[in-house]
Each structure stands twice: as structure tokens, then as C-alpha cells.
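Some notes on the structure that comes next.
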């Protein structure tokens, strides 16, 4: 099986201590923690953004449905008004 247990984690930790030294471990740990925190924050913002888009599309669909109901419920169709273009009369002087 490919499970990582306690002995494997200890070996990895010893190798990291040899490579980076004991003084750099707190800096590496805090950088790793900040990276995970920022990743979680961005994932949460992305989920909220998709929820807002879903809500907006649902509201648009409801408004469209209401418009269809209103237009289907009326038997009168609005007539377009005729517009007459008038030109100013110019007289000969």
C-alpha cells in the first residue's frame, strides 16, 4: 500500500532539516501556512462568486417568466403609432 505513516513523515522531516537547517524551518512553516490560508480564501471567494452568478441567473429567469405570463395574459397587442415626418415649409421670398 502507498500510505504515508509516522516513520515516513519523520524521514521527510529529517531530510528537510538537513537541506534547509533548523533556523529556516519556522519561516518555511509560516510560508506554507500562509499559502494554504490564501488558497482556502480564494476557493471560498470563488464559491461565493458562483453562488452569486447562480442567484443572478435565477432572478433573471424569474423575471423572464413573469414577463411571459403578463404578455400571454393580455389579448390586446400594442399597436405601433405612426409617426409623420413634417418638414418645415419654406416660402419663396
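Values quoted throughout were computed directly from the atomic coordinates according to the rules given, and no laboratory measurement underlies them. Since the structure is predicted, the reported quantities are computational estimates derived from the model, not experimental observations. A quick note on method: Cβ atoms are made from the backbone with ideal geometry, for glycine too, and the neighbour counts reach across all protein chains shown.
Among 9, 25, the order by Cβ neighbours within 10 angstrom, fewest to most, reads 9, 25.
Residue separation of residue 16 and residue 32 scaled by 0.36 nm, minus their Cα-Cα distance, works out to 4.4 nm of gained length. Taking only the alpha carbons of the range 21-61, we obtain Rg and Dmax values of 18.0, 60 Å in that order.
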